Every structure is written in structure tokens, then in C-alpha cells.
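Sharing a structure, written as C-alpha cells. Questions coming.
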Amino acid sequence: MNKGRLKIKSLLYKYGVVAIGSLSFAIAVSVFLDPNRLAPGGVAGIAIIINHYTSLSTGALVLCMNVPLMLVGVWKFGMKFLVPTIISIIMVSAFIDVAATFEPLSNDLLVCTVIGGVLSGTGLGIIFKVGATTGGTDIVARLLKLKLPHVETGRLFIIIDTVIVFVSAVAFGDIEVAVYAGICVFIAGKVFDMVLYGGEGAKLIFVISDKEDVIARRILEELESGVTYVRGIGAFTESEKKIIMCALKKQMLPKAEDIIKEIDVNAFIIITSANEIVGEGYKSPYAERI
């Protein structure tokens with residue numbers, strides 16, 4: 001009974017947080033971005049472009065465009081991908097249309113760019129922080145990653161958003177608006193990283209698992225981070241183990257945890273802060289110490 005109540009409370013908390021994030025994102029789109037033809041990438045950006053040429057609402061367009069992407073996502077990534085993403089998409093779409101009933105708070109492009117970028121980045125960061133997604137370009141980026149495993153996921157997002165911003169410049173015939181949309185993408189990305197990952201820093205993780213080779217290979221390929229095996233012996237079983245040791249930039253930690261849990265739910269993980277890392281990919285060994 002207690003476990004059931006804890007699970008219900010956990011779900012209520014998770015989707016309560018998703019609702020808050022969805023509302024923040026919806027206000028950004030409907031109150032600041034859409035009225036000023038700012039299309040800052042993603043499915044919402046495409047919906048904003050289409051909205052100005054049709055009678056369809058932006059929220060409805062977001063929902064409709066996500067349906068085929070969701071079906072492909074389930075086909076490629078499984079049913080576990082389905083529920084949180086569907087709920088998130090429905091919330092975002094509904095809140096966008098509700099927020100659209102309010103008058104725009106400003107027609108100043110710079111003001112709307114900054115506030116829209118901060119609110120949308122905050123909303124997306126909150127949603128992703130509890131393990132949900134908003135579908136859209138997240139699914140597209142994952143699909144492209146299957147075909148282009150050597151390209152970083154972050155770079156794929158930038159490419160997709162850049163294409164959408166370029167399309168908005170052509171569709172609206174206004175290069176100034178497109179430039180501001182690009183600035184909004186940059187602001188939203190920075191805020192998203194801060195909300196989801198926090199400030200700069202690094203983490204050191206140790207993983208004990210019976211599937212250490214599979215985990216190590218996935219971390220090497222998907223996170224492009226070095227992995228070291230440390231030999232250890234269990235005190236109780238006296239069996240020899242290969243322990244994974246990996247230093248990660250803080251923003252890569254959630255993805256590393258997802259990879260480990262996906263491969264071995266029983267893996268034993270130790271995570272600690274790394275105050276300073278010197279070497280390739282981090283601080284130069286010749287950097288001045290202050």
C-alpha cells in the first residue's frame with residue numbers, strides 16, 4: 001500500500017512539474033513569440049509559420065505534427081518512450097491555445113526575443129529534468145542520430161533549428177525577424193542548459209555491472225567520453241569485476257544515467273563531483289593556476 005501511494009505521489013509530482021514547464025513554454029510561444037512572428041526552431045517554430053498562413057491554431061498544429069513523430073518514436077525507441085511524451089505534448093498544445101486568448105504583452109522584438117527565450121528555455125528544461133520530453137525535434141534528432149552516430153546530438157539540434165529559422169525568414173520575407181528568432185534559439189538553449197544541468201562542472205562516475213562492456217561502448221559512442229576500467233574484487237563473492245570509471249562534463253550526466261539504466265537496472269552507480277580535471281577535453285595541463 002505504501003509503495004502504491006509513493007508511486008502515485010511520484011507520478012503526481014512528475015506531471016505537476018511537467019504542467020509548470022508546459023505552461024512556461026506555452027506563455028513564451030503564445031504571448032511573446034507567435035504574435036511577433038518569431039519562429040525559434042522546433043515543432044512550435046514550424047507551427048508558428050503555418051499559423052500565419054492558415055486558420056489553424058498553433059497549439060493544434062503542434063499536436064498534429066507530433067502525432068506522426070510519436071508513432072515513429074515508438075516504433076524506433078519502444079513503448080517506454082510513449083506515455084510521458086504524449087502527456088507533455090498534450091499539455092503544451094493545450095496551454096499554447098489557452099495562452100493565445102490573452103493579449104500580447106509587448107510588440108518590441110528585442111523584449112519578446114529575450115523573454116520568450118528565457119521562458120521557453122526554462123519550460124523545456126523543467127520538462128526534461130523530470131524525464132519527460134516535448135517530442136518534436138527531440139524525436140527528429142534521435143532519429144538522425146541513428147543514421148549519423150558520429151554527429152553530436154547538440155549539433156543536430158542546432159542544425160534543425162537553424163533550418164527552421166531560415167525557413168521563417170523566407171516565409172515571412174523578413175530577415176530582421178529571423179535574426180531575432182535565431183537570438184531566441186541561442187537564449188533558450190543557454191537557459192535550458194542552466195535549468196537542466198546547472199552551472200559548469202564535472203562529475204566522476206563509477207559503475208559496477210555485469211554488462212560493463214556494453215555500457216562502456218555506449219558511453220564511448222554516444223557521449224564521446226573516455227572510459228577506464230578499474231579492476232576490483234568483491235569482498236563477499238571474491239569474484240573479479242571490471243569497474244567502469246568515467247569523468248563527464250556535468251551536462252552529460254543525465255544521458256549517462258539513462259544509458260546505464262537502460263542496459264542494466266541493477267547496476268551499482270557511484271557519482272561524485274570532480275573539482276578539477278586536467279587533460280584532453282578539459283583543462284590544459286599547461287593552464288595557469290590562479
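Please treat every number below as a calculation from the coordinates, not as lab data. Given the structure is predicted, the values throughout are model-derived calculations rather than measurements. Cβ coordinates were reconstructed from backbone atoms using ideal geometry, including for glycine residues, and neighbour counts include every protein chain displayed.
Would you mind getting me the FRET efficiency between VAL83 and ILE158? Use the beta-carbon distance for r and R0 = 22 Å, nearest 0.05.
0.15
Taking the chain as the reference, fit the longest principal axis to its C-alpha atoms, fit the long axis of helix 2-27 to the helix C-alpha atoms, and give the angle between the two in degrees, 0 to 90, nearest 10.
40
Something else: Can you work out the Karplus-derived ³J(HN,Hα) for every residue in region 83-91? Use 6.51 cos²θ - 1.76 cosθ + 1.60 with θ = phi - 60°, whole Hz, and x for glycine or proline.
Computed from phi, the couplings for region 83-91 are 4, x, 6, 4, 4, 4, 4, 4, 4 Hz.
Still on this structure, please answer the following. Quick one: among LYS249, LYS211, LYS145, which has the greatest mean-square fluctuation in a GNM of the chain with alpha-carbon springs under 10 angstrom?
LYS211
Right, another one. Find how much the distance from VAL74 to VAL17 grows on full extension, using 0.36 nm per residue of separation minus their present alpha carbon separation; answer in nm with one decimal.
Residue separation times 0.36 nm, minus the Cα-Cα distance, leaves 18.2 nm.
OK, next. Based on the mean of other Cβ atoms within 10 Å per residue, sort peptides 134-143, 157-166, 27-36 so the most packed one is first.
27-36, 134-143, 157-166
FRET efficiency for TYR53 and THR101, Cβ-Cβ distance as r, R0 = 25 Å, nearest 0.05?
Taking R0 as 25 Å, the efficiency between TYR53 and THR101 is 0.75.
Sticking with this structure for a sec: Largest first, please: the extent of the C-alpha atoms of region 202-274 along each principal axis, to the nearest Å.
Taking the Cα atoms of region 202-274, the three principal extents are 36, 24, 18 Å.
Using the Karplus curve 6.51 cos²θ - 1.76 cosθ + 1.60 with θ = phi - 60°, what ³J(HN,Hα) values do you get for each residue of region 32-42, in whole Hz, with x for Gly and Pro?
10, 8, 4, x, 10, 6, 8, 10, x, x, x
Once you have a ≥ b ≥ c as the square roots of the Cα gyration tensor eigenvalues for the chain, tell me rounded if a/c is under 1.5, and otherwise prolate or oblate according to whether a/b is larger than b/c. Spell out each step's value before the answer.
Details: a/c = 2.18, a/b = 1.66, b/c = 1.31.
Note, shape of the chain comes out prolate.
For the chain, what is the calculated [θ] at 222 nm in deg cm²/dmol (nearest 500), taking -39500 (n - 2.57) for each run of four or more DSSP H residues and dividing by its residue count?
-19000 deg cm²/dmol
Which of the peptides 57-67, 235-245 is most tightly packed, and how do the rest follow, going by the mean number of other Cβ atoms within 10 Å of each residue?
57-67, 235-245
Taking only C-alpha pairs under 8 Å that are 6+ residues apart, what is the relative contact order of region 202-274 in percent? Let's see the in-between values first.
Working: 117 pairs, mean separation 36.4, N = 73.
Relative contact order here is 50 percent.
At a Förster radius of 41 Å, what calculated FRET efficiency corresponds to the Cβ-Cβ distance of ARG231 and LYS145, to the nearest 0.05? The partial results should precede the final answer.
Values: r = 33 Å, r/R0 = 0.80.
Using R0 = 41 Å, I get an efficiency of 0.80.
Name the residues of region 24-65 whose amide N is less than 16 Å from a point 7 angstrom out from the Cα of VAL114 along the C-beta direction?
32-33
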